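The values are calculated or read from the model by the stated rules, or taken from the named source; none is laboratory data. If you're wondering where the values come from, they're calculated on a predicted model, not measured in any experiment. Reconstructed Cβ throughout: ideal geometry from the backbone, glycine too, with neighbour counts over all protein chains shown.
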Amino acid sequence: MNQAISLVEDQPVTDTGKCNLCGRCVDACVTGAREIIGQEMSVGQVMNEVEKDVIFYDQSGGGVTFSGGEPLMQPEFLLALLNQCQEQEIHTAVDTSCYAQPEIVKMISEKTDLFLCDLKHTDSTVHKRFTGVENNLILDNIKHLSAAGKKIVLRIPVVPGFNDDQANIEATGKFAASLLMVSKVSILPYNRGGIEKSARLTADTEPMQTEPPDEEKMKSVAEILSKYGLEVKTGG
């Protein structure tokens, strides 16, 4: 045992610096409160799951969405899956932050039908303050995807106190409107569902303390973006 788990205000908290993901805490938890989520799978095993729904893809015109986490963190595995889907004529979408090296994005784009690209903030300084990285790489990758003729849906989480001010929404609208291949913008109201989970998993991060945007704010954001000629959808 690495003594990675301690009680903080009567709640178990994991020190990620000590945890080596051995899973012994799961075996030792007599209440069954801890469990390992997820499993390692081969490309073939994943495709077996994908193929179970082919009849629904055919009927709905839909397909497979690869998300995460961040799917571009496993580019070789993702590429292998995309190749398999392409061989079977299964429509593919990749849900990504676009924070990856351009050569990875280019490689994946050649086998992907649709990109769902997150866009958190247009100002690089603000983006780095809240996410830890600048946004130049993200914006450039989205531009390159559009220039390459890849269909894009921009997904914007609306987070009060972070990116819901009019200046940023206007800048977001201008950026989206400059991209020929942006077919839609989805605005996603922030929710607090991750705060409790974060507290259970680690004490290393301090979640942003804010409230979800109300209906009026979401309507205002949609109206601003719509004036740039964008198709805007709330949620999804």
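For the stretch 10-31, the candidate set comprises residues that are in contact with a helix residue (DSSP H, G or I) (Cβ under 9 Å, 6 or more places away or on another chain) and over 19 Å from Gly69 (Cβ atoms); within that set, the residue that is surrounded by the fewest Cβ atoms within 10 Å (Cβ to Cβ) is Gln11.
Applying the set (1) over 20 Å from the mean Cα position of the chain (by Cα); (2) assigned to a strand (DSSP E or B); (3) surrounded by 11 or more Cβ atoms within 10 Å (Cβ to Cβ) to Leu7 leaves exactly one unmet item: (3).
Selection within the stretch 140-159: residues that are of a type outside the set (A, V, I, L, M, F, W, C) and within 16 Å of Asp123 (Cβ to Cβ). The member of this set that is surrounded by the most Cβ atoms within 10 Å (Cβ to Cβ) is Pro157.
Could you go through the stretch 116-131 and let me know if any residue there is closer than 15 Å to Leu225 by Cβ and free of Cβ contacts under 8 Å to residues at least 24 places away in the same chain. No, there is no match, as no residue in the stretch 116-131 is closer than 15 Å to Leu225 by Cβ and free of Cβ contacts under 8 Å to residues at least 24 places away in the same chain.
How many residues are surrounded by 13 or more Cβ atoms within 10 Å (Cβ to Cβ), at pLDDT 95 or above and not in a strand (DSSP E or B) if we restrict to the stretch 60-81?
Step one: list which residues in the stretch 60-81 are surrounded by 13 or more Cβ atoms within 10 Å (Cβ to Cβ), which gives 62-66, 68, 70-75, 77-81.
Then keep just the ones that are at pLDDT 95 or above; that gives 63-66, 70-75, 77-81.
This time we only want the ones that are not in a strand (DSSP E or B), so: 70-75, 77-81.
The qualifying residues number 11.
Pairs linking a residue in the stretch 96-109 that is more than 19 Å from Ile156 (Cβ to Cβ) to a residue that is small (Gly, Ala, Ser), with Cβ atoms under 7 Å and 6 or more positions apart or on different chains, are Ser109/Ala148.
For the stretch 10-21, taking the residues that are outside any strand (DSSP E or B) and among the polar types (S, T, N, Q), the one that is nearest to the chain's Cα centre (by Cα) is identified as Thr16. Listed here are the strands (runs of 3 or more DSSP E) enclosed by the stretch 82-189 that have at least 1 residues being more than 23 Å from Val43 (Cβ to Cβ): 114-118, 151-158, 182-189.
Residue count for the stretch 122-153 satisfying the condition of being modelled with pLDDT of 95 or more and closer than 21 Å to Gln101 by Cβ: 22. Screening Gly38 on (1) modelled with pLDDT under 95; (2) surrounded by fewer than 14 Cβ atoms within 10 Å (Cβ to Cβ); (3) on the phi < 0 side of the Ramachandran plot shows it passes everything except condition (3).
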